[in-house]
Every structure is written in structure tokens, then in C-alpha cells.
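Accompanying notes for the structure given below.
None of the figures in this text is laboratory data; all of them are computed from the coordinates on show. Since the structure is predicted, the reported quantities are computational estimates derived from the model, not experimental observations. Virtual Cβ from ideal backbone geometry, glycine too; neighbours counted across all protein chains shown.
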Amino acid sequence: MRMNTIIGKISGDSKIDEQVIARAGEILGKGGLVAFPTETVYGLGGDAMDYQAAGKIYAAKGRPSDNPLIVHISKIKDIENLAIDIPEDAYRLAERFWPGPLTMILKKSEAVPETVTGGLQTVAIRLPAHPIARDIIAASGTYIAAPSANISGRPSPTDAKHVIEDLSGRIDMIVDGGSIEIGLESTIVDLTEDIPTILRPGYITFEMLQQVLRNVEMDKGLTADIKADVRPKAPGMKYRHYAPKADMVILEGSTENVLKEMKKLVNEQQQKGHKVGVMLIDEHAKEINADCIISIGSNNNDVARHLFAALRKFDNEEVDIIYSEAFSSEGIGQAVMNRLLKAAGHKIRKV
Ligand code: TXA
Ligand code: MG
């Protein structure tokens, strides 16, 4: 059933913006769905305390219901209503990184419906930094379950137009707050085991977490070879994700070798009559000719910010094959390469 989706644009005029936020809060408070910007990606929000609202989120995204949602809060103290047996480490992390792009997994309290946690006895919690997100959560008077606001399997939305593309007619309201700063989803840390474990890399890096925690590990399911029989612990990390419609191959090696191989592959594919897309940092993109060239920026933060939009562009341009260079895995680059490898179905060629 198609519904009428209200688009509320944040304009910078405080009177109008207050009305948009109040409307969003009201819809959420009544069990409706509202997409809104956060500093990482756009989220699709619903009342986390209302199992029916959670059910609507899964339906709107076409998401498998065993893939749990992150509960968004507007002040640190809220974790005490959502979680039990909260370790000291959680408070240390909250103090250092909240509000911000960090999600913590804790043991869930009875108050959290199992629809939200996909049947798990743990709950993912995040206090976002984006002022619009925080105002909307506060205005709702509840806690907000919010996955990324894309149709399941598509790249996460980093601009309101991506949300409109995917969810218009399927949810009550979209709050348009422009394009997103970080561009990749939050870092997820599991605090329910002996050693805090990163389940999804993000803007808050392993090294940043190490400065606060005595001990921290990467989930083996993340680093393991895709063929190995190790399951990622975040249910969502096992699904096919972000994949553009076309096949995508990552080329890894010295710049010289990557450019040489890419030119050769583009040629071969074009001779077969295929439409070819390429993705490289600005400095390298100048060297390559193809049907759709994405010059993604000059540093890791640029790549993070533009990656998902780039993957959507390849779909819109209907390319047949995509070649991307491997980007630096320094800092946020680790998260970039995690998403890029998923998008490419782990097809990486060393040159
Ligand atoms: O930056 C973000 O985190 C964005 C914005 C909107 O806040 N949200 C987001 O949500 O990326 P989503 O649903 O697209 O990804 C949530 C991930 C999934 O991989 C899910 O499996 C995992 O978090 N997750 C949620 N609850 C979990 C739990 N209790 N244990 C393990 N993994 C969990
Ligand atoms: Mg997602």
C-alpha cells in the first residue's frame, strides 16, 4: 500500500525547522515512521518501545526480521532504561565518544521488545551527534529504533534524495537535512563479552577505542576470508549489502600497476560492447577514461563521504561492470574497505 510521504525540509529558518521537528516527533510518538539525518547516514526511525512500529520498519525496508535495529537515545542516562549489567567500559566510551558515531551492544532490559533486537537478548544503542537527529528523538518522547534508511541490500543513504528514491510512499515522513558529513554507518562495539569487540568498523577506529579500553578486538568474522566458516557476530554483516547491480572488481597494488591494469580491463570490456564504470581518487581518476568515471575525492574522509552515493550512481547509469582501486586502509579507511569489499562481493584482484 502506497502512502503519502511528507517531505520536511530543514531550511535554517528556526521557526519552520521547529515545526518540521515537532511534526516528526509527533508522528514517531504515534507509532509512525520518519527518516532523518544523522552524522553517519540517514536513519529510518520508529518508536523502539512499540513492537508494531519495529514491525513497520522491517516491512518498509524489506529487511529480514532477524536483523536487529539500533536504538537511538538523546542522553547517556537513557541506557539505564534499555540495558542491564552495564559495564564500566560503556560509561567510559559514552563519555569519550557520545554523542557520536559509536554504537554499543549491551544486555537488553525487559523494556526493549524482542522485535527490535531480532530475538536477541542484547540491544544496540547509539546517541547520535547530529542536532536534527537529537531534536527529533527528544521531540518523540521515546527511544527511536533506526536502521539506515535504504531498501534492504542497497547502499545506505547519505542524502535525502537517496531516501526519497528508496522509501517515498512507504513511510510517513522524510526530514531533509541535506547531505551527510561522515557517510559510513557507526562503529559497533560489543560489550557483552569479556573483551570488547568491534562488530562493524566505522569512523571511530580501533586505535581510537584502544585509547579508552584496556583491551579491544576485531570480530573474527570481519577479517576472516569470506570462504572461511566464521560468521560475523552482527547479524547484519552476513547479508549481501551495498552491492551495485553491476559486477564490481577491486584492483589492489602499486598505483602504476593499478592504473595500467584498469586501462587494459576497461578497453577489453568496451570492446565487448559493455558500459564500464570506474572509481578512483581524484589524482588517479584523471588518468583513466571510461563510460562513467567517479572521482571520489582526495583523502579517506572524502572517500567515506562519497562512497555510497557513488555506488548508487553506477546503478543509475546502468553500467555493466565496475572497477575500483583499493583505497588506503588507514583510519576510517578500514571502514571504507570493509564496505567496498562487501559491495564487490569480495572480488579483489592483486596487480
Ligand atoms: O550509523 C548507524 O549506525 C546508522 C544510523 C541510522 O544510526 N544505523 C545503522 O543501522 O547503520 P543498520 O540497521 O543499518 O545497521 C545495524 C547493524 C546491523 O548490522 C545489525 O545486525 C547490527 O547493527 N546489530 C543491531 N543490534 C545488534 C545486536 N544486539 N547484536 C549484534 N549486532 C547488532
Ligand atoms: Mg543498514
Exercise. Mean 1/r over all different Cα pairs, inverted: what Kirkwood radius does the range 230-351 give, in Å?
Worked result: 14.5 Å
Exercise. Which whole-number percent is the relative contact order of the chain (Cα, under 8 Å, 6+ apart)?
Worked result: 19 percent
For this session: Work out how much length Lys9 to Lys220 would gain on full extension: take 0.36 nm times their residue separation and subtract the Cα-Cα distance, in nm to one decimal.
Result: 71.8 nm
Exercise. What is the range 182-300's relative contact order, in percent, from Cα pairs under 8 angstrom and six or more apart in sequence?
Worked result: 13 percent
Seminar exercise, completed: Using alpha-carbon coordinates alone, the radius of gyration and Dmax of the chain in Å work out to 20.3, 62
Exercise. For the range 254-309, which GluC sites (Glu not before Pro) are in a loop by DSSP, counting at most 16 other Cβ atoms within 10 Å?
Worked result: Glu287
Exercise. If you build a Gaussian network model of the chain, linking Cα atoms that sit under 10 Å apart, which residue out of Ile144, Ile281, Ile125 swings the most?
Worked result: Ile281
Problem set entry | Loop-located trypsin sites (Lys or Arg not before Pro) in the range 1-81, at most 13 other Cβ atoms within 10 Å (DSSP) | Arg2, Lys30, Lys75
For this session: Provide, in order from the shortest bin, the percent of all Cα-Cα pairs of the range 137-276 in each 10 Å bin, continuing until the bin that contains the maximum pair distance.
Result: 9, 24, 31, 26, 8, 2
For this session: May I ask for the Rg/Rh ratio of the range 301-340, computed from Cα atoms with Rh as the Kirkwood radius, given to two decimals?
Result: 1.00
For this session: For every helix of n ≥ 4 consecutive DSSP H residues, a contribution of -39,500 (n - 2.57) applies; sum these over the chain, divide by its total residues, and give [θ] at 222 nm rounded to the nearest 500 deg cm²/dmol.
Result: -9500 deg cm²/dmol
Seminar exercise, completed: So for R0 = 41 Å, FRET eff. of Arg231-Thr255 from the Cβ-Cβ r, to 0.05, ends up at 0.70
Exercise. Considering only DSSP beta bridges whose two residues both sit in the range 1-138, what percent are antiparallel, to the nearest 5?
Worked result: 80 percent
Exercise. How long, wide and thick is the range 124-205, going by the Cα atoms along their three principal axes, in whole angstroms, largest first?
Worked result: 44, 30, 22
Exercise. How far is helix 14-29 tilted, in degrees, relative to the longest principal axis of the Cα atoms in the chain, given as a value from 0 to 90 rounded to the nearest 10?
Worked result: 70 degrees
Problem set entry | Size of charge dipole - the chain - debye, nearest 20, with Cβ of Lys, Arg +1 and Asp, Glu -1, no other charges | 760 debye
Exercise. Can you give the extra length, in nm with one decimal, that the chain gains between Lys286 and Asn299 once fully stretched, where that is 0.36 nm per residue apart less the Cα-Cα distance?
Worked result: 3.1 nm
